[in-house]
Amino acid sequence: MPQRRSHVAPSAAQTELASALAGLRESVDAPLDFPDEVIAEAEASTAPVPQIDLRDVPFATLDPQGSRDLDQAFHLERAGTGYTVRYAIADVPGFVAPGGTVDAEARRRGQTLYAADGSIPLHPRVLSEDRASLLADVDRPALVWTFALDSSGVVSDFRLERALIRSRAQLDYATTQLVIDRGEDGPAALLPEIGALRMEQERLRGGASLNLPDEEVVRAEDGTYAIERRRPLPVEEWNAQLSLMTGMAAASLMLDAGVGILRTMPEPDTAAFETFRHQTEALGRPWTAGAYGDYLRGLDRADPMTLPVLEAASSLFRGAGYLVFDGEAPGAAVQAAIAAPYAHATAPLRRLVDRWALAICLAEANGEPAPEWARASLGELPGLMQESGQRASRLNAATINSVEAALLTPLVGTTIEATVIELRGERAAVQIADPAVTATAPLPPGAEPGDVVRLRIVRADIAKGEVEFAI
């Protein structure tokens, strides 16, 4: 897939940027290091004896290149006219003792934070990047979901078991996409087929996906920082369908148990839909009929107006939260974009709430009551996740702002071209092509989304992550 990567060249700006990014990690209001007692407990922890041995199943993982905190592994095979999908999740509930020091520290953190110059992990790295991670060619305990799918990709049955597995391959997205495009065999050979069927099931449910380009700060081998902006590869979207399927299964188990925590998002209201309709008309790509999910799926990726449309559509994907229940299944349990009840249950190494969901699901799958520790602390989770989510958003935004300021520092005093992607009162969100920067700038008279405007760069402050433009 084409992508643009803008680098901050070695210079005084680069030195200032490195200092600013280091400062962000310290100012994010999150603990950077683990206390000695937490590390000691993590090193001494052992997972329960698995129920079954699945080391003969050739699982594989699929993650960004170089990842060490591997939460999921999959195995796909045909079964008659349908398929069997095995989805293994790192057995974090088995390694983390409820009420222990690792548990307490994880509740403080909420989730792994990713900074340009390194991560701030949820768990000590001896767990998240070693003993609990589903690394290749080592035996690992895992919570394995086994799904039976029919020829249409509909789940006809599933089960959850604690198992011993051994991943055979650590795949990355870009290489796997190339292997699939060349028609070569491999662990992910069935992923396009199953992924497409699950995407069709999403369409039939009335679900919707918002595939905005990723914007990520990366560090090059020469130590310079860059902003990489690209659309998700097809293999990432197919892989995401496995996680969505598992999250829906987890939600159904917790609803059956009458206790759990769901990820929810309200249906956009009439006003939000009408606003989006008007925006699509103004952009020359009117949404005139059908569900908004179908409209978004039908957008042409090569169309330069697709990005402004997707930016406008982001207003429809707001209000996500967590819903706790115990004793009675909630009436409003549907995650609107997925169009089904859904739970976070596939990333326990990196996200706190998944450990609770998995522990409750495993108990229900075994015909046992939900663990008392999980029930007693369910009410804390929405607040903990909201707080950690805000920290993650602040860190990500501040990091990107500082890198963008560094990218534009050499251009202060010059005039550049930018594309308007969203109107914000008298200002606009604009996209600069080279260097790849998204910013807020004054709106030239009469400018509309999709227009190319000329802006003068007045000031760039790397430490504050601020860029000032003039018309």
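The values are calculated or read from the model by the stated rules, or taken from the named source; none is laboratory data. These numbers were taken from a predicted model, which means no experiment stands behind them. Quick reminder, even Gly has a Cβ in these numbers, built from the backbone with ideal geometry, and neighbours come from all protein chains shown. We work out accessible area using only protein heavy atoms, side chains counted, and drop any ligands, DNA or RNA first. Shrake-Rupley method; radii C 1.70, N 1.55, O 1.52, S 1.80 Å.
Taking the Cα centroid of the stretch 325-371 and of the stretch 25-43, what is the distance between the two, rounded to the nearest whole Å?
27 Å
Is the stretch 168-251 best put as rounded, prolate or oblate by its Cα gyration tensor, with a ≥ b ≥ c the root eigenvalues, rounded for a/c under 1.5, and otherwise prolate when a/b is larger than b/c, oblate when not?
Note, shape of the stretch 168-251 comes out oblate.
Mind checking the full-extension length gain between residue 220 and residue 78? Use 0.36 nm per residue of separation minus the Cα-Cα distance, one decimal, nm. Please report the intermediate quantities before stating the final value.
Values: separation 142, 0.36 × 142 = 51.12 nm, distance 4.07 nm.
Full extension from residue 220 to residue 78 adds 47.0 nm.
With a ≥ b ≥ c the root eigenvalues of the C-alpha gyration tensor of the stretch 1-154, is it rounded (a/c under 1.5), prolate (a/b larger than b/c) or oblate? Before the final figure, lay out each step's value.
Values: a/c = 2.84, a/b = 1.39, b/c = 2.05.
Oblate, because a/c is 1.5 or more while a/b does not exceed b/c.
When the distances between all Cα atoms of the chain are binned every 20 Å from zero, what whole-number percent does each bin get?
For the chain, the pair-distance distribution reads 22, 55, 22, 0.
For 34, 59, give the ranking by accessible area with the largest first, probe 1.4 Å. Please report the intermediate quantities before stating the final value.
Values: 34 30, 59 0 Å².
The most accessible residue leads, giving 34, 59.
Could you sort 358-368, 118-128 so that the peptide with the highest average Cβ count within 10 Å comes first and the rest follow in order?
Highest-to-lowest ranking by the protection proxy: 118-128, 358-368.
Probe of 1.4 angstrom, ligands and nucleic acids ignored: what's the accessible area per residue over the stretch 426-471, in square angstrom? Provide the component values of the computation, followed by the final result.
Values: 2230 Å² over 46 residues.
Here the per-residue accessible area is 49 Å².
What base-10 log of the normalised intensity I(q)/I(0) is obtained for the stretch 109-177 from the Debye formula, alpha carbons as equal point scatterers, at q = 0.24, 0.25 Å⁻¹?
One equal scatterer on each Cα of the stretch 109-177 leads to -1.08, -1.09.
Please compute one quarter of the surface area of the Cα convex hull for the stretch 251-408 and express it in square nanometres. Let's see the in-between values first.
Working: hull surface 49.5 nm².
Taking the Cα atoms of the stretch 251-408, their convex hull projects to 12.4 nm² on average.
Which log10 I(q)/I(0) values, to two decimals, does the stretch 96-224 give at q = 0.11 Å⁻¹ under the Debye formula with one point per Cα?
Debye output, listed in q order: -0.68.
What spacing in nm lies between the two simple spin-label points modelled at residue 139 and residue 440, each 7 Å away from Cα in the Cβ direction?
Spacing of the two 7 Å Cα→Cβ label points: 5.6 nm.
Semi-axes of the equivalent ellipsoid of the stretch 353-471: what are they in whole Å, largest first, if each equals the square root of 5 times a C-alpha gyration tensor eigenvalue? Write down the numbers at each step before the final one.
Working: eigenvalues 439, 51, 27 Å².
Gyration-tensor ellipsoid for the stretch 353-471: 47, 16, 12 Å.
Of all the accessible heavy-atom surface of the chain, with the other protein chains kept in place and a 1.4 Å probe, what percent is carbon and sulfur?
Here it works out to 49 percent.
Output the peptides 389-395, 86-92 sorted from most to least packed, where packing is the average of other Cβ atoms within 10 Å over each peptide's residues. Please report the intermediate quantities before stating the final value.
On the way: 389-395: 15.9, 86-92: 26.3.
Most protected by this proxy first, the peptides run 86-92, 389-395.
What does the charge count around residue 82 come to, taking other residues whose C-beta lies under 15 Å from its C-beta (Lys +1, Arg +1, Asp -1, Glu -1)?
On the way: positive: 78, 86, 198; negative: 77, 150, 157, 193, 200.
Around residue 82, the charge tally is -2.
How much length would be gained if the chain were fully extended between residue 386 and residue 148, taking 0.36 nm per residue of separation minus their Cα-Cα distance, in nm to one decimal? Could you put the intermediate results ahead of the total?
On the way: separation 238, 0.36 × 238 = 85.68 nm, distance 3.46 nm.
Length difference between fully extended and current span is 82.2 nm.
Would you work out the charge dipole size for the stretch 81-187 about its Cα centre, treating the Cβ of every Lys and Arg as +1 and the Cβ of every Asp and Glu as -1, and quote it to the nearest 20 debye? Could the numbers behind the result be given before it?
Working: 12 positive and 15 negative charges, 75 e Å.
For the stretch 81-187, the charge dipole is close to 360 debye.
Dipole of the chain (Lys/Arg Cβ +1, Asp/Glu Cβ -1, origin at the Cα centre): which of 405, 349, 142 lies farthest to the positive side?
With unit charges placed on the Cβ atoms, the residue in question is 405.
Which order do peptides 461-468, 313-320 fall in by mean Cβ count within 10 Å, highest first? Intermediate values should be presented prior to the final figure.
Working: 461-468: 17.5, 313-320: 15.1.
Highest to lowest by the protection proxy: 461-468, 313-320.
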